[in-house]
1. Regarding E72, is this residue more than 28 Å from T98 (Cβ to Cβ) and under 56 Å from the mean Cα position of the chain (by Cα)?
2. Checking E341 against (1) without any contact (Cβ under 8 Å) to a residue 40 or more places away in the chain; (2) under 30 Å from A418 (Cα atoms), which single condition isn't satisfied?
3. With (1) outside the structural domain of R374 (by TED's automatic domain parsing); (2) not in a helix (DSSP H, G or I) as the list, and T238 as the residue in question, which single condition is left unmet?
4. Which pairs have Cβ atoms under 6 Å, sit 6 or more apart or on different chains, and link a residue in region 207-224 that is under 13 Å from H245 (Cα atoms) to one that is of a type in the set (A, V, I, L, M) and part of a loop (DSSP other than H, G, I, E, B)?
5. Yes or no: L81 among the aliphatic types (A, V, I, L, M) and farther than 30 Å from S126 by Cα?
6. Test E72 against the stated conditions and say whether it is in a helix (DSSP H, G or I), loosely packed, with under 13 Cβ neighbours inside 10 Å and at negative phi.
7. Assess whether G291 counts as being part of a loop (DSSP other than H, G, I, E, B), over 12 Å from G382 (Cα atoms), at pLDDT below 90 and touching a strand residue (DSSP E or B) at 6+ places or on another chain (Cβ under 8 Å).
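The values are calculated or read from the model by the stated rules, or taken from the named source; none is laboratory data. All values derive from a computational prediction rather than experimental measurement. FYI the Cβ positions are ideal-geometry reconstructions off the backbone, even for glycines, and counts take in every protein chain you see.
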Amino acid sequence: MRDDAAKEVSRILLLVAIERSDWAAVLKHFETLKEKHRDLALPFDTVLLVGRAHREMKEFEQAAYVYRGIAEASFMLEGQLPGEWERAGDLKRAAAYTRSLIVEYPDLSVVQTAHLGLAQMLLDRSDRFDRSMRRLGCELLESFLEQNPGSPMADEATFALAQACLDDEQQDDARRWAEAGERRYPRSRLKDAFLYIQGWALFEKGDHERALRLLTPVAQDVFPGSGGQASESRALATYLIAQIHHTMGCVKEALELYRKVSDQFADARETAEELSRKEVACPEVTRVDPGRPVEVPVTVRNLPGVEVRAYKVDLMRLYLSERSLSGITKVNLAGIQPMYEAELPAPGNALGLRQKLSLALPFKAEGAYLVVLRGAEASTAGLVLVSDLSLAVGENQDTGRVRVQVQREPAATPVFGASVRVVGSASTGISSGRTDPSSPEPGLRRLGPPGPRPSPRGSRRI
């Protein structure tokens, strides 16, 4: 007999046996179809009667197996509709329908998978500010654990809850869920992840010592109890330990760990480079009143000290040649003898930490001094002005006019007849003039585009 004909005969014999309630024959013909014609699809009501046949024949385990298969197939069929809604962008409708299906069906493995998948999808698709979606996701995870405490996926649900709380900056809740996961599922493959989340939450709370105790085994080459394997969270734990050491001021330990994961995290690489960089810095301009001690604040990092050289300069000529104080460190001083040379030591300069020093200079006469600081792979320069003159500068952005007032410290006494020159950052020309005693404010000079005709006491404009 041809195969298609044999398949049709077996199907008819099954239906006849069902019609006669011949349960033994039902099982016989069903087994024939299952073994020889596996491509034949039977309707749910027919398969339900096969389950009844097992039950009538006192084969309860086989009956339960058939009924479970029918329920799983039915659930998967009904689950196609919310899948279409999800693809259409109606996530809330899809979630609501799937949740109703989960309630209707027993705790089958396919239902548990859909339950956990729905919760994780809601958390993944929502951002931190979509509170309703995130709350629904967390509620589904909690209900999953309540309904399926012995599920092999319970550790995943617990981890997802801990992660969601951590993402929502609920450190205490995240730590509690992670502790529960570590305690309830000691053989879980997520044990290292539970430790990592606890460590992160404690770090965020400022409990650095406890965080280090939890993270250290995760960052080891071999995670305890893993059969000789490293933790999947090893790199993350190493990076977090580096941040903890950095926060605690243990820069040497932090730098070593940053370098260990620098090829995996750009921020770790940039931080390691920053902590290793040699630096020396001082203010661009330091003004000191005549007769007062000349002290310049200096900041160094990763340097045992710096070389100091000071030159007396003609400030106006220097400025006009450079057109900006920002390029003053690049002034060519070859062949010029410094008026002062010294070494400024930086005792106890710890790796990666900036140390503040005070540079005392023996300047007495009024004038401008260029101070050059050099260390290994780092240099800078700044101007020291020994003068009692100060400037108050204001700009009117609507008119492009600059208001300059020259004062003599410490009493802020206006200075008349002082020569003022102004260069804009985007201009090529120099505006100049002298402070005018007839200005509304003594010692004031205004420079910029012409404005309305001034009053008799107004200042001249250039």
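1. Values: more than 28 Å from T98 (Cβ to Cβ): no; under 56 Å from the mean Cα position of the chain (by Cα): yes.
Answer is no for this residue.
2. Failed condition: (2).
3. T238 satisfies every listed condition except (2).
4. If the second residue must be of a type in the set (A, V, I, L, M) and part of a loop (DSSP other than H, G, I, E, B), the pairs left are H208/M248.
5. Answer is no for this residue.
6. No, not satisfied.
7. no
For every residue, the table says whether it meets (1) in contact with a helix residue (DSSP H, G or I) (Cβ under 9 Å, 6 or more places away or on another chain); (2) of a type in the set (A, V, I, L, M); (3) exposed (fewer than 15 other Cβ atoms within 10 Å of the Cβ); (4) in a loop (DSSP other than H, G, I, E, B).
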{"residue": "R134", "(1), (2), (3), (4)": "yes, no, no, no"}
{"residue": "E146", "(1), (2), (3), (4)": "no, no, yes, no"}
{"residue": "S151", "(1), (2), (3), (4)": "yes, no, no, yes"}
{"residue": "A160", "(1), (2), (3), (4)": "yes, yes, no, no"}
{"residue": "R189", "(1), (2), (3), (4)": "yes, no, yes, yes"}
{"residue": "L212", "(1), (2), (3), (4)": "yes, yes, no, no"}
{"residue": "L215", "(1), (2), (3), (4)": "yes, yes, no, no"}
